[in-house]
Each structure stands twice: as structure tokens, then as C-alpha cells.
Amino acid sequence: MCLALPARIVAIDSDADTASVELGGVRQQISLALVENVSVDDYVLVHVGYALNVISEEEARKTLELMAEAGIVSEAAPSESAP
């Protein structure tokens with residue numbers, strides 16, 4: 001079974017076509033090769049180090065709540081954007 005997790009983009013490196021994403025306080029570098037027109041604070045579905053698609057904050061929240069109920073993730077809602 002494949003599983004893509006929603007994560008918030010916190011930084012973008014346009015030269016390398018990568019981004020830092022955060023989920024549950026954990027940051028990870030991912031590739032943006034499969035998505036276009038993303039910005040910091042956008043939510044993306046991440047699978048094996050690639051952003052697969054951009055989703056709304058509402059969809060990310062709903063997905064994370066369902067995953068938390070199932071015990072897949074510990075975070076039930078997207079974290080607040082940093083000021």
C-alpha cells in the first residue's frame with residue numbers, strides 16, 4: 001500500500017527544485033519536480049521524497065485528522081504557520 005502524507009512547505013530552493021516541508025515538527029527535503037507553482041505555506045502530498053500534488057489547508061487538516069484517528073500519524077491538524 002502506498003501512502004502520501006500532507007505536509008506544509010516551509011522553504012523552497014528554486015535552483016535545486018526542492019523544498020523543505022514540515023509535519024509534526026519534523027522537517028524533510030523533498031523534490032518539487034512533479035508540481036508547479038508552489039509557494040511557502042502551501043500544502044502538498046508527499047510520497048517517497050516527492051511532492052505529488054498541491055492540496056488545500058482544509059484537505060490537509062481533514063486527511064491528517066483521519067490518519068491520526070487510524071494511528072498513522074500523531075498530528076491531527078496542520079501546525080500554524082510561523083509568524
Q | Listed residues ILE9, ILE55, MET67: farthest to the positive end of the dipole of the chain (Cβ charges) | A | MET67
Q. So if R0 is 30 Å, what FRET efficiency would ARG61 and ALA16 give, r being the distance between their Cβ atoms, rounded to the nearest 0.05?
A. 0.55
**Q.** Ordering of 21-27, 6-12 by burial proxy (mean other Cβ atoms within 10 Å per residue, highest first)
**A.** 6-12, 21-27
Q) Which value, in debye to the nearest 20, gives the size of the charge dipole of the chain about its Cα centre, when Lys and Arg are +1 and Asp and Glu are -1 at the Cβ? A) 220
Q. How do the peptides 54-62, 31-39 rank, highest first, by the average count of neighbouring beta carbon atoms within 10 Å per residue?
A. 54-62, 31-39
Q | Separation in nanometres of the label points that stand 7 Å from Cα toward Cβ, at ILE72 and VAL40 | A | 2.9
Q. According to the square roots a ≥ b ≥ c of the eigenvalues of the Cα gyration tensor, what is the shape class of segment 1-62, taking rounded for a/c under 1.5, prolate for a/b larger than b/c otherwise, and oblate for the remainder?
A. rounded
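Throughout, read-outs are computed from the coordinates displayed, never taken from laboratory work. It should be emphasised that the depicted structure is a prediction, and the values quoted were computed from it without experimental measurement. Methodologically, a virtual Cβ is constructed for each residue, glycine included, from the backbone with ideal geometry; neighbour enumeration extends over all protein chains shown.
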